1. Could you list, in sequence order, all residues of region 17-63 that are touching a residue at least 60 places away in the same chain (Cβ under 8 Å) and of a type in the set (Gly, Ala, Ser)?
2. Taking region 60-114 only, how many residues are surrounded by 18 or more Cβ atoms within 10 Å (Cβ to Cβ) and among the β-branched types (Val, Ile, Thr)?
3. Determine which single condition ARG5 fails, assuming it passes every other condition in (1) at pLDDT below 95; (2) loosely packed, with under 11 Cβ neighbours inside 10 Å.
Amino acid sequence: MSGMRTPLGRVRGLGSARDGTMHFWTVRVTGMALVPLTLFAVGLVFSLLGADYQTVRSVLAQPVVTIALALFVIASVEHMRLGMQETIADYIHGELLKVFTLMANTAFCYLVGAAAVFALLRIAFGG
């Protein structure tokens, strides 16, 4: 299949990174997972409106609720990271700026996800 590449592409060794399909499916799977998880999270927030701190804390300490919210956070952060990665790759053309922006995107998403999961676990375990 190397006959389809340009001579310059063969010299530079440029070709498929072979991760496009995985990226495509990860975006679709996280998007589908977020449908029920978002409905659960929004329903939970509305059900807890006006509740006192102890009530909210006791609800969030239930294992099913904690796990569902942690999955919501993880899927949301990964979906956000991948979506921004596509946008950055499409619209930022300078290579150095693109690399820096992709690194900042990944760091920001993982930082937000870690902080949210940490806060959720602290509430769940009574910290």
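1. Answer for region 17-63, where residues must be touching a residue at least 60 places away in the same chain (Cβ under 8 Å) and of a type in the set (Gly, Ala, Ser): just ALA61.
2. Count: 4.
3. (2)
The values are calculated or read from the model by the stated rules, or taken from the named source; none is laboratory data. None of the values given here were measured: they were computed from a predicted structure. All Cβ positions, even for glycine, are placed from backbone atoms using ideal geometry, and neighbour counts span all protein chains on display.
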